[in-house]
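Structure record follows, encoded as structure tokens.
The values are calculated or read from the model by the stated rules, or taken from the named source; none is laboratory data. Small disclaimer: the values here were computed from a predicted structure and weren't measured. All Cβ positions, glycine included, derive from the backbone under ideal geometry; neighbour counts span all protein chains shown. Note: accessible area is taken over every heavy atom of the protein model, side chains too, but ligands, DNA and RNA are not part of it. Shrake-Rupley method; radii C 1.70, N 1.55, O 1.52, S 1.80 Å.
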Amino acid sequence: MIAAILFAVALLLDLLGADTGPVLDPGTLSLAGFLCIALHLAGAGAWTSSRWSNRRRRGYARR
């Protein structure tokens, strides 16, 4: 969801030709969107400590 918002803002900035400075340009926002997609595909934030504790209680722990 965050990546989609970043890509939308980058597209709007590019289409409008807005000058926001060297830091906040469409290229930087696109790279930030790609980073969000890469983290999502890598599974960042997918597991929480409560899931691991539920697995241990049910007997699904690694042996």
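On the basis of being in a helix (DSSP H, G or I), aliphatic (A, V, I, L, M), open to solvent by 90 Å² or more (accessible area, probe 1.4 Å) and modelled with pLDDT of 80 or more, does residue 29 make the cut?
no
List the pairs whose first member sits in segment 1-26 and is over 19 Å from residue 38 (Cβ atoms), whose second member is part of a loop (DSSP other than H, G, I, E, B) and open to solvent by less than 100 Å² (accessible area, probe 1.4 Å), and whose Cβ atoms are under 9 Å apart, counting only residues at least 6 apart or on separate chains?
12/18; 13/20; 13/24; 13/25; 14/25; 19/25
Among the candidates 61, 38, single out the residue that is at pLDDT 90 or above and surrounded by fewer than 13 Cβ atoms within 10 Å (Cβ to Cβ).
38
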